[in-house]
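Note sheet for the following structure.
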Amino acid sequence: KTLLFVLCFTTFCFAQNTLHYNDEKGSEKASLKDIQWLEGNWQGEAFGGIYEENWSKPFGGSMLFSFKLVVDGKVIFYEMGHIMEKENSLIFQIKHFDSDLKGWEEKDKSEDFRFIKKEGNRMYFDKFTFEYISKNEVNLYAYFENSKEEVIFNFKK
């Protein structure tokens, strides 16, 4: 019984950093000023390799980013995307690419994650949470539907 409780409690705690968008509640008002601390060049370790993520400053109603994962000296995949101001709130959009820039999503499609709310030092999007730690450290929590797991990415400048 104790082991079952520990496993259930650990699973609950593990997924408490991300939220799922609810159409009935919608998105809180937000602008890029609320997340401009994400600007910069970041690195971290994940999936057996090292990643690099670069965020532009807010400009033209969006913050552009690029992501690259390198394992054993080889690029595994890229991501491109942005956080964009839309309807007095924000949306986080991503497109993925193989190491040879072949897209994963259809040509005119992206993965879209609507903003939910700002709370303290966290910005909650559907299945993603950006957490400001300091000017040189940020956490990103991502919930993966296929595995039903939440993964933390620790970004450092």
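The values are calculated or read from the model by the stated rules, or taken from the named source; none is laboratory data. Keep in mind that this is a model prediction, so the values were computed, not measured. Positions of Cβ are backbone-derived with ideal geometry, glycine not excepted, and every protein chain shown enters the neighbour counts. The area values use the complete protein model at the heavy-atom level, side chains included, leaving out ligands, DNA and RNA. Shrake-Rupley method; radii C 1.70, N 1.55, O 1.52, S 1.80 Å.
Any chance the range 85-96 includes a residue that's under 17 Å from residue 47 (Cβ atoms) and under 15 Å from the mean Cα position of the chain (by Cα)? Yes: the range 85-96 contains one or more residues that are under 17 Å from residue 47 (Cβ atoms) and under 15 Å from the mean Cα position of the chain (by Cα). Only residues that are open to solvent by 40 Å² or more (accessible area, probe 1.4 Å) and more than 16 Å from residue 118 (Cβ to Cβ): list them for the range 88-98, please. 95, 97, 98 - these are the residues of the range 88-98 that are open to solvent by 40 Å² or more (accessible area, probe 1.4 Å) and more than 16 Å from residue 118 (Cβ to Cβ). On the stretch given as the range 8-21, residues that are farther than 15 Å from residue 89 by Cβ, at pLDDT below 85 and either part of a loop (DSSP other than H, G, I, E, B) or open to solvent by less than 100 Å² (accessible area, probe 1.4 Å) (or both) total 7. Within the range 144-157, the set of residues being of a type outside the set (Val, Ile, Thr) and over 9 Å from the mean Cα position of the chain (by Cα) comprises 144, 145, 146, 147, 148, 149, 150, 154, 155, 156, 157. Could you give every pair whose Cβ atoms fall below 9 Å, whose first residue belongs to the range 22-42 and is within 15 Å of residue 53 (Cβ to Cβ) and open to solvent by 20 Å² or more (accessible area, probe 1.4 Å), and whose second residue is among the basic types (Lys, Arg) and in a loop (DSSP other than H, G, I, E, B), counting only separations of at least 6 or pairs across chains? Listed pairs, sorted by first residue: 37/135; 39/57; 41/157.
Would you say residue 52 is closer than 22 Å to residue 141 by Cβ and surrounded by 17 or more Cβ atoms within 10 Å (Cβ to Cβ)?
Taking the combined requirement at face value, the residue does not satisfy it.
Scanning the range 33-61 for residues that are over 13 Å from residue 80 (Cα atoms) and hydroxyl-bearing (Ser, Thr, Tyr) gives a single hit, 51.
Within the range 112-157, the set of residues being open to solvent by 80 Å² or more (accessible area, probe 1.4 Å) and closer than 13 Å to residue 19 by Cβ comprises 114, 118, 119. Checking the stated criteria, residue 83 turns out not to satisfy the condition of being aliphatic (A, V, I, L, M) and in contact with an Asp or Glu (Cβ under 9 Å, 6 or more places away or on another chain).
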